[in-house]
Every structure is written in structure tokens, then in C-alpha cells.
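Taking it in order: structure first as C-alpha cells, then the write-up.
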Protein chains: 2
Amino acid sequence: MPITRQDCEVRDQQDPLRELKSQFDLPPGVIYLDGNSLGVLPRATLGRVQEVIQREWGQDLIKSWNTAGWIDLPGRIGDKIARLVGARPGELIVADSTSLNLYKVLSTALSLQQQDAPQRKLIVSERSNFPTDLYIAQSLAEQFGARLHLVDRVEDIPACLNQELAVLMLTEVNYRTGYKHEMATLTQAAHAAGALVVWDLAHSAGAVPVDLHAAEADFAIGCGYKYLNGGPGAPAFAWVHPRHVARAKQPLSGWLGHAAPFQFTTDYQPAAGIKRYICGTPALLSLAALECGVDTVLAAEPQGGMAALRTKSIALTELFIALAEARCGHLGVLLASPRDARQRGSQVCLSLQPELQEASYAVVQALIARGVIGDFRAGNPADLAATPHILRFGFTPLYLGFVDVFDAVEHLFQVLQREEWKTPQFAQKGQVT
Amino acid sequence: MPITRQDCEVRDQQDPLRELKSQFDLPPGVIYLDGNSLGVLPRATLGRVQEVIQREWGQDLIKSWNTAGWIDLPGRIGDKIARLVGARPGELIVADSTSLNLYKVLSTALSLQQQDAPQRKLIVSERSNFPTDLYIAQSLAEQFGARLHLVDRVEDIPACLNQELAVLMLTEVNYRTGYKHEMATLTQAAHAAGALVVWDLAHSAGAVPVDLHAAEADFAIGCGYKYLNGGPGAPAFAWVHPRHVARAKQPLSGWLGHAAPFQFTTDYQPAAGIKRYICGTPALLSLAALECGVDTVLAAEPQGGMAALRTKSIALTELFIALAEARCGHLGVLLASPRDARQRGSQVCLSLQPELQEASYAVVQALIARGVIGDFRAGNPADLAATPHILRFGFTPLYLGFVDVFDAVEHLFQVLQREEWKTPQFAQKGQVT
């Protein structure tokens with residue numbers, strides 16, 4: 001029997017997390033399936049940023065570094081994010097961007113291997129990793145006289161875990177396909193081979209349960225503006241396992257990572273713990289907004305926290321896949337994410353059958369015009385069969401319900417069935433897609 | 001005849017820049033002499049940040065990267081700052097923090113020398129440079145197998161301009177003393193010796209006229225939250241002379257510095273011009289606030305821009321010195337900044353005679369309690385005669401007038417004459433001083 005909208009209404013009513021949506025200001029008429037790119041605006045953010053601007057900056061001015069606790073914010077918000085990724089208080093800080101934090105931790109990992117196992121000169125990652133990670137790794141490979149090797153398939157990773165490997169650098173949840181690695185298994189296998197592992201949690205933090213300590217991870221970084229709802233370009237985070245943190249300096253040695261920044265001494269002495277991963281003065285307005293975003297995820301703790309969010313996320317993505325295939329399969333829609341929920345983050349990607357591939361971008365635009373916001377990620381033009389264009393949909397259980405999923409698929413059905421994507425305006429590409 | 005408050009009132013009435021103060025929300029009863037540390041809040045900032053939060057992020061969400069021009073902001077604000085420092089459109093970008101931008105440009109400078117003159121292995125700077133600059137230089141010296149040599153006196157710089165020198169790295173206006181280097185003279189002397197020069201404009205941009213092209217400078221960086229009024233931790237900026245920009249990659253190769261970031265290609269190809277100095281996604285809320293701050297300085301353009309601001313800045317600092325010496329000289333107040341205005345940025349530092357040195361911190365606190373906000377910078381406890389404790393006062397002509405200066409000195413007189421600094425609460429040190 002087909003799933004009805006009424007079925008979905010019942011599921012929304014029974015959803016123990018349904019009240020969490022009231023934390024956000026969602027535009028009317030929008031089904032937002034792009035929280036994996038930019039999370040939505042929490043209701044608390046505007047007031048908090050106003051307070052920082054008017055009272056803390058405007059009235060109290062320079063004093064706020066002490067009186068408003070500005071100086072402690074990177075650690076205070078870091079402690080909150082730590083609760084979402086299985087880290088302990090004092091182990092994680094908020095600073096700079098994801099790219100910069102990757103530079104810091106990957107550089108540290110390479111330095112440690114240079115000390116401990118100088119013959120190891122290989123960084124391994126996936127060709128499908130988010131480009132900025134690869135760009136940073138290329139820069140550091142050059143600097144360390146190392147080589148970056150990219151695998152095309154997850155199955156190719158085990159063969160790379162050998163005596164040449166210095167660092168395995170992976171994004172836990174793939175930004176394109178939503179494929180989710182087994183963090184603990186891969187970390188342990190890499191360790192057994194003598195390598196260190198850097199995990200990018202950009203699509204994990206706030207999206208799937210992460211337990212860095214249980215996985216015995218070495219280094220992790222992540223993004224503040226996706227599932228953490230921190231706002232456009234929100235500062236990112238960095239975590240280093242306590243067994244490594246004091247063993248090496250990181251190269252971006254700005255004054256706020258100093259053991260005693262306000263003594264203004266001439267020589268750099270890194271702070272004892274994770275604070276050495278702070279560099280310059282943090283962008284306070286964006287930092288304050290990030291805290292409001294992180295708080296929206298922590299608000300799920302009384303209902304079971306990340307485990308409960310994951311349960312709902314899987315239910316939403318399973319529903320989306322079932323409906324998309326039932327309603328739109330005959331119109332050429334194919335699943336491009338793993339079918340097994342255990343191998344999937346909080347997103348689902350679809351692709352269109354070969355003869356519709358070139359319509360993919362316009363289909364996403366037609367959906368956006370209907371208020372269903374997902375995004376398009378181009379495939380490999382040289383081999384669309386292997387890497388097709390993708391329609392990417394993120395599911396944030398904090399603010400999405402089952403009726404939203406039902407309606408999104410219904411819109412997709414209508415766009416395809418009525419061939420709305422043929423409207424010329426939908427084929428015009430913007431700069432950011 | 002002594003200068004009276006009435007004289008100052010007349011000067012305020014005759015001040016062609018007096019209307020610029022209306023751009024700011026200053027707390028009542030405050031004379032803010034700390035704009036060299038954190039500029040005050042522009043009136044436009046709150047509304048602009050509200051707009052970014054509510055409309056651009058909250059309503060338009062991910063679309064705002066295109067529709068609100070988020071992607072162009074680093075260059076757009078960069079072009080505005082360029083007008084203040086003698087750079088041309090398209091040559092300067094806003095990104096990350098001052099420390100990180102220094103890492104980028106100093107690394108590039110060292111790379112270029114490694115190509116062109118590999119025997120040059122010396123970075124020269126001043127021991128009194130702002131510590132974060134020295135910390136970053138230490139990290140890069142280690143990475144490049146170079147050595148950082150610090151001079152104790154400005155007069156020692158010329159002897160360092162020899163065939164060993166790779167990079168001369170200076171902050172144009174010293175953060176402690178306000179001493180201002182002759183940028184053009186030093187740059188040309190360094191070039192004549194075959195060296196490159198990195199200028200930190202943290203205390204210059206928006207404070208003194210800078211002409212990077214006239215000076216034939218190589219690299220410059222600067223801060224957004226001091227004289228540019230960009231807000232706490234506002235993003236910083238970087239400039240590279242067009243003759244260098246395409247010759248080398250910078251190492252912090254994040255995706256937004258790529259030639260085509262939205263093609264998501266695997267290999268890093270730097271953007272053609274200064275955009276290669278962008279790294280990760282910018283902190284948008286802080287970036288939007290920075291633009292409002294920069295606009296407050298550009299608002300002086302119809303009245304003569306930086307030249308007019310400099311004229312008033314010199315008038316304010318000369319008045320402050322004259323009054324401080326006349327009113328407080330017999331109470332132990334000494335000038336600790338250059339007496340010649342041409343050698344001074346937009347700040348004046350005072351110190352107290354030797355027997356009052358230990359009271360310096362409490363004097364600053366007593367002034368703050370009276371609403372006169374300056375700051376304290378500790379001297380060298382091993383040699384307070386050579387490097388005394390300092391009472392530091394910044395003068396921002398955009399929002400300060402001559403009566404403010406008169407009143408500030410009158411407060412200092414009363415603090416010293418009534419020995420208010422002996423009040424126990426004023427001796428308690430906070431973390432950030």
C-alpha cells in the first residue's frame with residue numbers, strides 16, 4: 001500500500017523531536033533540504049548577535065574581552081561541540097575555517113610521523129573528498145616532501161594501509177554522495193599499519209553520532225555552518241587526541257595559541273593543550289552566532305541527543321528514498337547514495353537516468369522555484385556513467401518532518417512529470433550552484 | 001598662556017571633520033582612547049548585520065552566495081580598503097586574521113627568495129614588533145631553514161640590509177610606542193640590498209596615509225578591528241604587489257583561493273590575482289560588519305580623506321602631549337612616544353617617572369573608572385629604565401574632538417594629584433589588560 005501524506009502527518013505527531021523545530025525561523029513555503037550546505041537561522045541568533053554588537057562591543061568596548069568572556073569563547077563553544085563528537089571538555093576548540101584547521105592538524109600529523117617514522121611519505125585520501133581538503137593536503141605534501149595518493153573507491157583504502165603511509169585523511173561523510181565511512185574500523189586498521197588518521201567531520205558534526213574517543217581517533221576538524229547551524233562562514237573546529245596534543249607545535253602560531261598571550265613575550269611558547277590550535281583573534285560576531293547554532297543541536301539532549309537525531313534522520317532518509325523510487329522511479333530517478341542507512345550520513349543524493357542527465361541542473365532549479373531547496377553537484381563530464389550529475393538533499397531532523405519529505409517528493413514528481421525543467425530560466429547557471 | 005577648555009571648544013567648532021562623529025554610537029560619558037585596540041561601533045553596523053542575519057541568511061539562505069553577493073565580499077571590501085592604503089582595485093582582499101595573512105605573505109616572500117637568491121636565509125624584524133608577527137616568523141623560519149634576527153633599535157636596521165637578508169618584516173606603526181617607520185625609505189633601502197619587505201599595517205590602515213605603490217612595497221597585511229572599526233576580531237586584509245602576485249602560490253590553499261572553486265576540481269590551481277590569498281569560507285557576519293567600519297573611514301573622502309584625518313590626528317596628539325606635559329609633567333608624567341609627529345602614528349604613549357612606575361597599571365584603571373579608556377602595556381620587568389610600563393592612548397580623529405583631549409588630560413591630572421590610583425581595586429589585574 002503506498003505511503004500517504006496522512007501517514008506522514010501521523011508520524012510527525014508521534015515524533016518525539018517535533019518541538020525542536022520551534023528553535024528556528026524558517027521562511028514560509030520552503031522545504032529546506034540544504035542544511036548540509038548552510039544550516040538555517042536559529043531564533044536565538046539575532047538577539048544574541050545584537051547583544052554582542054550593542055552592549056558588549058558598543059557599550060563595554062575593549063573591556064568585553066574580560067567582562068563578556070570573549071577570550072574564553074573558542075574553548076567554551078568547543079566544549080559544547082565536544083559533547084556532539086565524543087570528545088572531552090578542554091580537548092576541542094573553535095577557530096578559523098575548516099581549511100585552516102586541516103592545515104594545522106595535517107601538518108602536525110606529518111611532523112609527528114617525520115619524528116617517529118621518517119620513511120613514511122604518503123598521504124592517502126579519496127579523489128571524491130571535498131576539494132579544499134585535497135588542496136590543503138597538496139600544499140603540505142609539497143612542504144613535507146610527501147606524496148598525496150587519491151583512491152577512487154572506498155574498497156581501495158585497505159591496500160594503502162602499509163609501511164609507506166604517514167597519514168590517512170578522510171571526510172567521514174562524503175559531501176557528494178553522503179557515503180559514511182566506518183570511522184572506528186578504518187582508524188584501527190590505519191593504526192595497525194603505523195599510520196595516523198585525520199577525520200574531517202564537516203558533514204558529521206550535528207548530523208550523525210561521532211565518538212572520537214571510542215574510535216581512538218588522532219585528529220579531527222569540522223565545520224560550523226552546516227549541521228551546526230552557525231551561520232554563513234561560521235568558524236570551524238579542531239580536536240586533537242590528548243596523546244598527541246602536547247607532542248608537536250602547529251605551524252599557524254598566532255598569539256592566541258600562546259601559553260600566555262597577554263605577557264607579549266618575544267618567543268612563541270604554545271599553550272599546553274588544544275588552545276595551541278588557536279591562531280589570531282577570532283571573528284567575534286560569527287563566533288557568537290555559532291554558539292546559538294550549536295545550542296540548537298544540544299537542545300536534543302533531553303530527548304536522546306545525537307542518537308535520537310540519528311534515528312529520526314534515518315527515518316526521514318528512508319522515507320525519502322522509498323517515496324522517490326515509488327513516485328519518481330518510472331520518471332528516471334535513481335538513488336545515488338548508499339541504500340544501507342548505516343553507510344549513509346544525513347543526506348540522500350539522486351541522479352537521473354542517462355538520457356535525462358543534462359536536465360539535472362534545471363530539475364534542481366525547478367524544485368527551488370517550488371520552494372524545495374536542495375542543490376546540484378556536477379558529475380564528471382568525461383564519464384557521467386561512472387560519476388553522474390547529482391541532485392543533493394540534506395535532511396536535518398531538527399527542523400524537518402515527515403510531511404516535508406512527502407511534499408518534497410511530490411514536487412519532484414510534478415517537476416519531472418510536467419517537464420517543468422524545460423522552462424528556459426531553469427537552465428541558467430549561477431556562480432554558486 | 002595655557003590652553004583652555006574654551007580654546008578646545010573653538011577648535012571643535014572649526015573642525016571640518018566634526019560631523020563624522022555622528023557615524024558612531026559612543027557610550028555616554030566615555031572618552032575612548034583605545035581605537036588602536038578595538039574601534040568603536042558604527043551606527044550602520046547593527047542594521048547591516050541584522051539584514052544579513054534575517055534576510056540574507058534567514059530568508060534567502062544558500063541563494064545569498066549569489067543574490068546577496070556574499071562570494072564577492074572579500075574583494076569588494078578589499079577594494080575599499082585599497083583606497084586607504086594606496087593600492088589599486090583588485091589588488092587587496094579581506095580574509096582570515098592578521099596572523100594568518102602574515103603567514104601567507106611571509107611564506108610567499110621566503111619562497112620567492114628561495115627561487116631567486118637561495119643564499120639569503122635571514123628574516124629581520126624588531127624585538128618590539130607585535131608578538132604574533134614574531135611568532136609567525138619563527139614558525140616560517142623553522143620551516144624554511146631561515147633565521148629570525150631581531151633588532152632592538154630602529155637605527156640597527158640599516159646594518160641588516162645586506163646579502164644575507166631575505167625579508168625585512170616590519171610593522172609600520174609600533175603597537176607599543178606609536179613609532180612610525182619611513183615606509184618608502186626603508187623599502188627602497190631593502191630593495192637596493194636585494195631583500196623583500198613585508199609591512200604590517202595593523203596600526204596604519206585608517207590611522208595614517210599609506211601609499212603602497214609610491215613606496216614600491218612588496219607585501220602588506222593589516223587588521224580590520226582597530227582604526228577600521230570592523231568590530232571585535234573583524235577579518236584582516238592582505239595585499240601583494242602585482243609584480244609578485246602570480247609568481248608564487250601561498251601555502252594556505254583553501255578552495256576559495258582556487259581559480260574556479262565551484263568546479264570542484266581535484267587539483268589546486270590558484271586564482272590569477274590576489275584572490276589566491278583567500279583560503280576557506282569567510283565568516284560572513286563579521287565580514288559584513290567590517291564593511292560598515294571601512295565605510296566610516298571612507299566617509300572622510302569628501303573632506304580630504306586620509307590626509308585630512310592625519311592632519312586632525314596630529315593636531316589631537318600634539319594637543320595631548322602639550323597638555324599632558326603642562327598639567328601632569330610635575331606629577332611624574334613623561335612622553336614615551338616620538339615627539340616629532342612625523343615619526344608617530346595616531347597614538348601617544350606616556351610613562352611615569354621611575355618611582356611611580358609600579359603605579360602605571362592602577363593609573364590606567366583609575367582613568368577607565370572615570371570613563372577615559374586607554375590601556376596599559378607592561379614594560380620589561382628586568383629593565384624598566386629602558387622599557388618602562390606604558391600608558392597607551394589612541395586618537396581616532398573620526399570620533400574624537402579637542403575637548404575630549406582636554407578632558408582626558410584633566411582626568412589624568414586628577415587621578416595623579418588625588419592619588420586615586422592608590423584605591424586597592426585599581427591594582428587588580430584582569431586577564432586582558
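The single residue among A:159, A:141 that is exposed (fewer than 15 other Cβ atoms within 10 Å of the Cβ) and either among the aliphatic types (A, V, I, L, M) or part of a helix (DSSP H, G or I) (or both) turns out to be A:159. If I ask for residues that are more than 23 Å from the chain's Cα centre (by Cα) and in contact (Cβ under 8 Å) with a residue 60 or more places away in the chain, which ones from the range B:269-279 would you list? Result: B:273, single match.
Taking the range B:410-433 as the range and being closer than 30 Å to residue B:296 by Cα and surrounded by 22 or more Cβ atoms within 10 Å (Cβ to Cβ) as the test, only B:412 passes.
Are any residues in the range B:37-79 under 19 Å from the mean Cα position of the chain (by Cα) and farther than 20 Å from residue B:95 by Cα, and if so, which ones?
B:40, B:41, B:42
Among the candidates A:27, A:2, A:16, the residue that is in a loop (DSSP other than H, G, I, E, B) and without any contact (Cβ under 8 Å) to a residue 12 or more places away in the chain is uniquely A:27. Restricting the range B:267-284 to residues that are more than 18 Å from residue B:235 (Cβ to Cβ) and in contact with a helix residue (DSSP H, G or I) (Cβ under 6 Å, 6 or more places away or on another chain) leaves a set whose member that is surrounded by the most Cβ atoms within 10 Å (Cβ to Cβ) is B:268. Among the residues here, residue A:356 does not qualify as of a type outside the set (Ser, Thr, Tyr), in contact (Cβ under 8 Å) with a residue 24 or more places away in the chain, in a helix (DSSP H, G or I) and not assigned by TED's automatic domain parsing to the domain that holds residue A:402. Scanning the range B:359-376 for residues that are surrounded by fewer than 23 Cβ atoms within 10 Å (Cβ to Cβ) and either at the interface with chain A (Cβ under 10 Å from one of its Cβ atoms) or charged (D, E, K, R) (or both) turns up B:368, B:370, B:375. Looking across the range A:103-120, the residues that are among the polar types (S, T, N, Q) and not in a loop (DSSP other than H, G, I, E, B) come down to A:107, A:108, A:111, A:113, A:114, A:115.
For the range B:85-102, indicate whether the set of residues that are assigned to a helix (DSSP H, G or I) and more than 14 Å from every other protein chain (Cβ to nearest Cβ) is non-empty. Within the range B:85-102, one or more residues are assigned to a helix (DSSP H, G or I) and more than 14 Å from every other protein chain (Cβ to nearest Cβ). Out of contact with any helix residue (DSSP H, G or I) (no Cβ under 9 Å at 6 or more places or on another chain), of a type outside the set (A, V, I, L, M) and either free of Cβ contacts under 8 Å to residues at least 24 places away in the same chain or closer than 29 Å to residue B:106 by Cβ (or both): is that true of residue A:302 in this structure? Against the criterion (out of contact with any helix residue (DSSP H, G or I) (no Cβ under 9 Å at 6 or more places or on another chain), of a type outside the set (A, V, I, L, M) and either free of Cβ contacts under 8 Å to residues at least 24 places away in the same chain or closer than 29 Å to residue B:106 by Cβ (or both)), residue A:302 qualifies. Scanning the range B:25-81 for residues that are of a type in the set (A, V, I, L, M), more than 9 Å from chain A (Cβ to nearest Cβ) and closer than 30 Å to residue B:346 by Cα turns up B:31, B:33, B:44, B:73, B:77, B:81. Within the range B:255-268, residues that are over 11 Å from residue A:130 (Cα atoms) sit with their Cβ atoms under 7 Å from residues that are polar (S, T, N, Q) and outside any loop (DSSP other than H, G, I, E, B), at 6+ positions apart or across chains, in these pairs: B:268/A:138. Of the residues making up the range B:98-138, those that are of a type in the set (D, E, K, R), buried (at least 19 other Cβ atoms within 10 Å of the Cβ) and farther than 16 Å from residue B:190 by Cβ are B:104, B:133. Within the range A:126-144, the residues that satisfy the criterion of being more than 7 Å from chain B (Cβ to nearest Cβ) and under 25 Å from residue A:379 (Cα atoms) are A:126, A:128, A:129, A:130, A:133, A:137. Restricting attention to the range A:374-421, the residues that are among the basic types (Lys, Arg) and modelled with pLDDT of 95 or more total 2. (1) acidic (Asp, Glu); (2) touching a residue at least 60 places away in the same chain (Cβ under 8 Å); (3) farther than 18 Å from residue A:232 by Cβ: which one isn't true of residue B:79, the others all being true? Status for residue B:79: all satisfied but (2). All conditions but one from (1) more than 13 Å from chain B (Cβ to nearest Cβ); (2) assigned to a helix (DSSP H, G or I); (3) surrounded by 15 or more Cβ atoms within 10 Å (Cβ to Cβ) apply to residue A:10; the one that does not is (3). Take residue A:125 and decide whether it is touching a strand residue (DSSP E or B) at 6+ places or on another chain (Cβ under 9 Å), among the polar types (S, T, N, Q) and outside any loop (DSSP other than H, G, I, E, B). Against the criterion (touching a strand residue (DSSP E or B) at 6+ places or on another chain (Cβ under 9 Å), among the polar types (S, T, N, Q) and outside any loop (DSSP other than H, G, I, E, B)), residue A:125 qualifies.
The values are calculated or read from the model by the stated rules, or taken from the named source; none is laboratory data. Computed from a predicted structure; not experimentally measured. Cβ coordinates were reconstructed from backbone atoms using ideal geometry, including for glycine residues, and neighbour counts include every protein chain displayed.
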